[in-house]
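The values are calculated or read from the model by the stated rules, or taken from the named source; none is laboratory data. Here the structure is a predicted model, which is why all the values come from computation and not from measurement. Neighbour counts are summed over all protein chains in view; Cβ atoms, including those assigned to glycine, are modelled from backbone coordinates with ideal geometry. Ligands, DNA and RNA are stripped out before the accessible areas are found, and what is left, the full protein with its side chains, is counted by its heavy atoms. Shrake-Rupley method; radii C 1.70, N 1.55, O 1.52, S 1.80 Å.
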Amino acid sequence: MSIVITGRPGVGKSTVFAKVVMHLKERGEVLTGFRTPEVREGDIRIGFKIVDLNTGEEAWLARRGIDSPVRVGSYGVLVSVASELVRKSLETALQTKSIVGIDEIGPMELKIPVFKPLLLKVLEKDTVKILVVHERLNDKEILARLENATWFEITELNRGDAPFTIIEILAKRLRKH
């Protein structure tokens, strides 16, 4: 079972994801995967980190002011640093019976060479997956594996209730599992 959270940038997808993950952890569920929170200095977003959901280990994913040949907008992607954490996180997801959470599947994460091959394996795995997907994701291989997923488009109107709706669906699925 895959639950996909999508919506326009800044609408609250990561907040919904974080609330669902927090609820699952409070229930004692084991989660693998990662989240990619933004990092701010004051009111200015300076980059994104990648944080392992299981261990809490973190590394830079992308940052402004970094001289990197791999770029997404004004951010330089720290490919070698992020690759190691992505690899460890997704390999753990493949080796364990855990709920897999990924925030997010988007252009920045797809710049990490190990991400897509491991993601495709994770998407084939028979486990519960909670995925934040960039609204403009156009990767046909990834989207084909998400055809049977339950999709939630987050908007300003539903973002308050969305975590509860997703948690309710997950609770029914986890009881059956």
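Of the trypsin sites (Lys or Arg not before Pro) found in the stretch 80-111, those in coil by DSSP whose Cβ has at most 12 other Cβ atoms within 10 Å are K97. The stretch 4-20 and the stretch 78-108 have their alpha-carbon centroids 18 Å apart.
With helices as the sole contributors, the chain gives -11000 deg cm²/dmol at 222 nm; each DSSP H run of n ≥ 4 counts as -39500 (n - 2.57), and the sum is divided by every residue. Size of the stretch 1-148: Rg and Dmax of its alpha carbons, in Å, are 14.5, 42.
DSSP assigns beta bridges within the stretch 1-144; of those with both partners inside it, close to 55 percent run antiparallel.
Residues whose amide H comes within less than 5 Å of that of R64, counting only those at least five positions distant or on another chain, are G47, G76 (H built at 1.01 Å from N in the peptide plane).
Annotation for the stretch 1-61: trypsin sites (Lys or Arg not before Pro) lying in DSSP loop with at most 15 further Cβ atoms inside 10 Å of their Cβ are R27. Accessible surface computed residue by residue for the chain, with neighbouring protein chains in place and a 1.4 Å probe, gives 52 Å² per residue. Leaving ligands, DNA and RNA out of it, report the carbon-plus-sulfur percent of the accessible area of the chain at a 1.4 Å probe. Carbon and sulfur atoms account for 51 percent of the accessible area of the chain. Assign one of three labels to the stretch 101-147, namely rounded, prolate or oblate, based on the Cα gyration tensor with a ≥ b ≥ c the square roots of its eigenvalues; rounded applies when a/c is under 1.5, prolate when it is not and a/b is larger than b/c, and oblate otherwise. Here the stretch 101-147 falls in the rounded category.
Scalar couplings 3J(HN,Hα) for the stretch 60-67, obtained by applying the Karplus form with A = 6.51, B = -1.76, C = 1.60 to θ = phi - 60°, are 6, 9, 7, 8, 6, x, 9, 7 Hz; x denotes Gly and Pro. Residue by residue, the stretch 29-36 carries 3J(HN,Hα) couplings of 6, 8, 10, 10, x, 7, 10, 10 Hz when phi is fed to the Karplus relation 6.51 cos²θ - 1.76 cosθ + 1.60 (θ = phi - 60°); x denotes Gly or Pro.
The region of the chain that goes longest without hitting one of the GluC sites (Glu not before Pro) in a DSSP loop, each with at most 11 other Cβ atoms within 10 Å, is 1-146.
Sort the stretch 49-126 into rounded, prolate or oblate with this rule: let a ≥ b ≥ c be the square roots of the eigenvalues of the Cα gyration tensor; rounded if a/c is under 1.5, and if a/c is not under 1.5, prolate when a/b is larger than b/c, oblate otherwise. In terms of gyration-tensor shape, prolate.
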